[in-house]
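The values are calculated or read from the model by the stated rules, or taken from the named source; none is laboratory data. The model shown is predicted, which means the values in this text are computed figures rather than measured ones. Glycine also receives a Cβ, built like all others from the backbone with ideal geometry; neighbour counts cover every protein chain displayed.
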Amino acid sequence: MEADRALNFMNDMLWSSLIVAGPVLLATLAVGLVISVFQVATQLQEITLSYVPKILVVALLLIALGPWMMERITEFARSIYLLIPTLAA
């Protein structure tokens, strides 16, 4: 396998994983920020308060975006499997 082809595979893999994981990570970041501002404003320093909203948001996003995420991952895997015969040459 040539180095540029391997780098292209790695680039595609990183972009696919970023696109799939990005919405969940950004939503978790936003919820954590809102909860932190709420805790600072109310001086309620309960550590476990931020976990439940984050878990709920992640679960709802995985339910809502799960089919799209699986489609993206399956499409990427299919494209890699279709390229296997061209690697032998």
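Summary table
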read-out	value
Flag if L7 is in a helix (DSSP H, G or I), of a type outside the set (F, W, Y) and either touching a helix residue (DSSP H, G or I) at 6+ places or on another chain (Cβ under 8 Å) or surrounded by 11 or more Cβ atoms within 10 Å (Cβ to Cβ) (or both)	no
Residue count for the stretch 50-68, restricted to those that are within 30 Å of N8 (Cβ to Cβ) and exposed (fewer than 10 other Cβ atoms within 10 Å of the Cβ)	1
Residue match in the stretch 37-49 (condition: within 30 Å of A6 (Cα to Cα) and in a helix (DSSP H, G or I))	no
Meets criteria (surrounded by 13 or more Cβ atoms within 10 Å (Cβ to Cβ) and either of a type in the set (D, E) or modelled with pLDDT of 90 or more (or both)) for V37	no
Pick from the stretch 69-89, criterion part of a helix (DSSP H, G or I) and surrounded by fewer than 10 Cβ atoms within 10 Å (Cβ to Cβ), ranking: nearest to the chain's Cα centre (by Cα)	Y81
Failed item, numbered, when I47 is tested on (1) free of Cβ contacts under 8 Å to residues at least 60 places away in the same chain; (2) surrounded by 12 or more Cβ atoms within 10 Å (Cβ to Cβ); (3) hydrophobic (A, V, I, L, M, F, W, C)	(2)
Flag if T28 is free of Cβ contacts under 8 Å to residues at least 60 places away in the same chain, under 12 Å from the mean Cα position of the chain (by Cα), surrounded by 10 or more Cβ atoms within 10 Å (Cβ to Cβ) and in a helix (DSSP H, G or I)	yes
